[in-house]
Amino acid sequence: QVQLVESGGGLVQAGGSLRLSCAASGRTFSSHTMAWFRQAPGKEREFVAAIRWSGGSTYYADSVKGRFTISRDNAKNTVSLQMNSLKPEDTAVYYCAARLGPHSVTSSLYHYWGRGTQVTVSS
């Protein structure tokens, strides 16, 4: 059974940093793309960043480019999202997701999801 478990969310002041982690288990993810999405209250879920498990190619939404960094640890089967220079508009529930194949910014194309972790950025 595939499980994605997020951790690392919390409350931080604007300009601060947080590091999210996603522990993946239940299958081999070598052919998968791992991604982070986020959903703010009253808004649709939006793509944040993605990484190909094999090769490590990365992709970012324009809104986070230069501030967020996605990475993976093959030995630990984890994917992380380092978030710097956080802004109040980054406040959302952040979800880890996985899909077999290349990256996509469309959430419906992802097969596996975690339950999410709350990130709140105060001004």
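The values are calculated or read from the model by the stated rules, or taken from the named source; none is laboratory data. Model, not experiment: these values are computed from the prediction. Cβ coordinates were reconstructed from backbone atoms using ideal geometry, including for glycine residues, and neighbour counts include every protein chain displayed. Each accessible area value is taken on the protein alone, full model and side chains, heavy atoms only, with ligands, DNA and RNA left out. Shrake-Rupley method; radii C 1.70, N 1.55, O 1.52, S 1.80 Å.
Descriptive notes on the structure:
- Local charge for ALA40 was computed over the other residues whose Cβ lies under 11 Å away, with Lys and Arg +1 and Asp and Glu -1, and equals -1.
- When Rg and the Kirkwood Rh are both derived from Cα coordinates, the Rg/Rh ratio for region 25-109 amounts to 0.95.
- Ranking GLU46, GLU89 by solvent-accessible area of protein heavy atoms (1.4 Å probe, all protein chains present), from largest to smallest, gives GLU89, GLU46.
- Accessible area in the full protein assembly, largest first, 1.4 Å probe, for ARG99, ARG19, ARG72, ARG52: ARG19, ARG72, ARG52, ARG99
- Net charge, GLY16 excluded, C-beta distance under 12 Å - Lys, Arg +1, Asp, Glu -1: +2
- When a 1.4 Å probe is rolled over the protein heavy atoms, the share of accessible surface on the chain that falls to carbon and sulfur comes to 46 percent.
- Stokes-Einstein diffusion for region 84-123 at 25 °C, viscosity 0.890 mPa s, with a Kirkwood radius from C-alpha pairs, works out to 209 µm²/s.
- Per residue accessible area in Å² of region 1-78, where ligands, DNA and RNA are left out and the probe is 1.4 Å: 53 Å²
- Potential extension, SER104-GLN39 segment - 0.36 nm per residue separation minus Cα distance: 21.7 nm
- If you take all other residues with their beta carbon under 14 Å from the beta carbon of MET83, and give Lys and Arg +1 and Asp and Glu -1, the sum is +2.
- Size of electric dipole in the chain: Cβ of Lys, Arg +1 and of Asp, Glu -1, about Cα centre, debye, nearest 20: 200 debye
- Based on the Kirkwood approach, the hydrodynamic radius assigned to region 1-74 is 13.8 Å, with every pair of different Cα atoms included.
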